[in-house]
Each structure stands twice: as C-alpha cells, then as structure tokens.
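Data block below; observations after.
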Amino acid sequence: MTTTNEIADKLAADHGLTKAQGKAIVEAVIASITEAAVAGNETSLPGFGKFKVKHTPEREARNPGTGATIKVPAAKKLAFTPAKALKDALNK
C-alpha cells in the first residue's frame with residue numbers, strides 16, 4: 001500500500017522540494033478532486049484516468065440477520081475509470 005506521505009516524499013525527492021512542500025502539493029491535488037466531485041464535475045487526469053460522480057437510486061435491500069426489508073436511500077458515489085495507458089501498464 002502507498003500512503004499520502006509516501007507519495008509526498010517521492011514527489012519531494014524527485015523535484016528537490018521539502019517533505020512539507022511535497023505533502024502540501026499532494027493535499028492540494030486531493031482537495032481539488034474533492035471540490036470538483038462535490039460540485040458534480042468530472043476530473044480527468046490524462047494518462048491516469050477520470051474521477052466521476054455517479055448517482056445511485058433509492059432501492060430496497062434485506063437485512064441478512066432478520067430478513068427485514070429496508071430502504072437504502074439514493075446516494076452519490078465517486079467512481080474512477082482508469083485511462084488506457086494505465087490499463088496497459090497494469091497488464092504488461
């Protein structure tokens with residue numbers, strides 16, 4: 001698993017920045033993606049993929065313990081679709 005701190009450390013080492021500057025950049029990118037998602041916009045990172053907000057409708061489900069039917073409210077979720085370049089890199 002790679003963490004935010006590890007990404008920030010690599011960014012700092014590769015570009016001659018401090019760890020704090022690297023972490024600030026990573027956090028700014030994540031904040032930008034979050035802001036776009038909250039606004040309902042898609043974020044596209046060429047060569048990596050797209051983050052898109054998808055709406056799930058209200059539905060009925062069953063509680064496996066009691067068998068009771070419950071309503072699951074409508075919700076939004078953030079979906080990631082990898083770019084062709086990323087898919088190709090994964091499947092080498």
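The values are calculated or read from the model by the stated rules, or taken from the named source; none is laboratory data. The model shown is predicted, which means the values in this text are computed figures rather than measured ones. Every residue, glycine among them, receives a Cβ derived from its backbone with ideal geometry; neighbour counts consider all protein chains shown. Remember, those area values only see protein heavy atoms, side chains included, never the ligands or the DNA or RNA. Shrake-Rupley method; radii C 1.70, N 1.55, O 1.52, S 1.80 Å.
Only sites in a loop by DSSP and with at most 16 other Cβ atoms within 10 Å count here; which GluC sites (Glu not before Pro) in segment 17-86 make the cut?
Sparse-neighbourhood loop GluC sites (Glu not before Pro): GLU42, GLU58.
Go through segment 40-45 residue by residue and turn each phi into a ³J(HN,Hα) via Karplus (6.51, -1.76, 1.60, θ = phi - 60°); whole Hz please, and just put x for glycine and proline.
The phi angles translate into x, 9, 8, 10, 10, 10 Hz.
Suppose all protein chains stay in the model; what accessible area per residue would a 1.4 Å probe give for segment 7-59, in Å²?
Numbers: 3740 Å² over 53 residues.
I get 71 Å² per residue for this part.
Taking only DSSP H segments of four or more residues, each worth -39500 (n - 2.57), what value at 222 nm results for the chain once the sum is divided by all its residues, to the nearest 500 deg cm²/dmol?
Numbers: 3 runs with 39 residues, N = 92.
Calculated at 222 nm, the ellipticity per residue is -13500 deg cm²/dmol.
If you fit an axis through the alpha-carbon atoms of helix 4-15 and take the longest principal axis of the Cα set of the chain, what angle between them do you get, 0 to 90°, nearest 10?
Helix 4-15 sits at roughly 30 degrees to that axis.
For the chain, what is the relative contact order in percent, using Cα pairs closer than 8 Å and at least 6 residues apart in sequence? Kindly include the intermediate steps, with their values, before the conclusion.
Values: 108 pairs, mean separation 18.6, N = 92.
Reported as a whole number, the value is 20 percent.
To the nearest 10 degrees, how steeply does helix 19-38 sit against the main Cα axis of the chain, on a 0 to 90 scale?
Result, in degrees: 30.
When log10 I(q)/I(0) by the Debye sum over Cα atoms at q = 0.13, 0.14 Å⁻¹ is calculated directly from the model, which label among (i) -0.68, -0.75; (ii) -0.80, -0.83; (iii) -0.39, -0.45 fits?
(i)
Roughly what would the spin-label model give for THR18 and ALA61, points 7 Å off Cα along C-beta, in nm?
Reported label-point gap for THR18 and ALA61 is 4.5 nm.
Of all accessible surface on the chain at a 1.4 Å probe, what whole percent is carbon and sulfur? Kindly include the intermediate steps, with their values, before the conclusion.
On the way: 4180 of 7170 Å².
Heavy-atom surface of the chain belonging to carbon and sulfur, 1.4 Å probe: 58 percent.
Projected onto the charge dipole of segment 24-82 (+1 at Lys/Arg Cβ, -1 at Asp/Glu Cβ, origin at the Cα centre), which of ALA79, VAL29, ASN63 gives the Cα projection farthest towards the positive end?
Of the options given, the answer is ASN63.
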